[in-house]
Amino acid sequence: MGELTLIGMGLQDEKGLTLRGLEAARKSDEVYVEFYTNIMPGLSIQNLQHLVGKEVGILTRKDLEENAERAIFSRAKQKSVGLLTPGDPMTATTHIGLVLSARKQGIQTRLIHSASIVTAAAGVTGLELYKFGRTVTIPSPATNPTPESAYGFIEENRRIGLHTLMLLDIGNEPLTIPDAIRILLKLEDRVKAGLVTEDTMLVALARVESPDCIVRADKARNLREHDFGKPPFSIILPGKLHFIEAEALHVLAGVPQETLEERE
């Protein structure tokens, strides 16, 4: 009887594996890793293989979404297969699809959790997790040049005072924070919802959990001119702020006090 175990690796490198996750990977007959759903800026395949104690195969998007039967399920029916994932398993629809398909084929599945950008973004900014609304992805222009639907979800969150976490596309050319802000401003020009203007306060996140992590809150016009280095990137559009959240953005994200006061 085989088994498929999805093992979260956290946000930065192979050291984000929990002890439980490391134990599961070491006990698996075969171990694979995917980097389609996110980028882990400090991860080394060689270090990961040394830590796990065996070869780790790399799966592509096609392996996960089109050839999962050959790449994963045929093996997991007979063996113990560990699939290492960036972040926390099941935060990506790709992983949900894998688990559902495996269960339908009678393959036992197990989840081992780790850090996720969904929770880490709240942690590094001091914003309250339960006040985040729907998370959205800002696609690169090559993928979707007119992502009005994403802007619609942001509008829904803002209307009821919730924060919006925006994940930036990590495709062949990862979307940068300045380019994402330009996309949001162009959407505002078309939709005219009053959500993101040059003076809107945003929170920019780069490489959360990395030693060179950047957390910076400022007006969109100022963030647009800043170089945030290498991906992965996220942006938060804050909703209604509790006074402790406002203080946290000032202390943890460096937002100027006058920018906070302008929002009141």
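The values are calculated or read from the model by the stated rules, or taken from the named source; none is laboratory data. Note that the structure is predicted; figures quoted are calculated from it, not measured. As a convention, Cβ positions derive from the backbone with ideal geometry for all residues, glycine included, and neighbour counts pool all protein chains shown.
Before moving on, here are some points about what is shown:
A quick yes/no check of all residues on (1) more than 22 Å from the chain's Cα centre (by Cα); (2) crowded, with 20+ Cβ neighbours inside 10 Å; (3) not assigned by TED's automatic domain parsing to the domain that holds residue 145:
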{"site": "181", "(1), (2), (3)": "no, yes, no"}
{"site": "190", "(1), (2), (3)": "yes, no, no"}
{"site": "204", "(1), (2), (3)": "no, yes, no"}
{"site": "212", "(1), (2), (3)": "no, no, no"}
{"site": "225", "(1), (2), (3)": "yes, no, no"}
{"site": "232", "(1), (2), (3)": "no, yes, no"}
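- Qualifying residue in segment 97-120 (condition: surrounded by 16 or more Cβ atoms within 10 Å (Cβ to Cβ), under 20 Å from residue 41 (Cβ atoms), out of contact with any Asp or Glu (no Cβ under 9 Å at 6 or more places or on another chain) and at pLDDT 95 or above): no
- Matching residues in segment 25-37 - criterion: being touching a Gly at 6+ places or on another chain (Cβ under 6 Å) and surrounded by 20 or more Cβ atoms within 10 Å (Cβ to Cβ): 25, 28, 31, 32
- Restricting segment 147-172 to residues that are of a type in the set (S, T, N, Q) and touching a residue at least 40 places away in the same chain (Cβ under 8 Å), the residue that is nearest to residue 232 (Cα to Cα) is 164.
- Exactly one residue out of 104, 77, 54, 131 is under 30 Å from residue 238 (Cα atoms) and among the charged types (D, E, K, R), and it is 131.
- For residue 65: the one exception among (1) surrounded by fewer than 19 Cβ atoms within 10 Å (Cβ to Cβ); (2) touching a residue at least 60 places away in the same chain (Cβ under 8 Å): (2)
Residue by residue, here is whether (1) over 26 Å from residue 121 (Cα atoms); (2) surrounded by fewer than 17 Cβ atoms within 10 Å (Cβ to Cβ); (3) in contact (Cβ under 8 Å) with a residue 12 or more places away in the chain holds:
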residue: 3; (1), (2), (3): yes, no, yes
residue: 46; (1), (2), (3): yes, yes, no
residue: 56; (1), (2), (3): yes, no, yes
residue: 87; (1), (2), (3): no, no, yes
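- Considering residues of segment 173-214 that are small (Gly, Ala, Ser) and in contact (Cβ under 8 Å) with a residue 40 or more places away in the chain only, the residue nearest to residue 124 (Cα to Cα): 210
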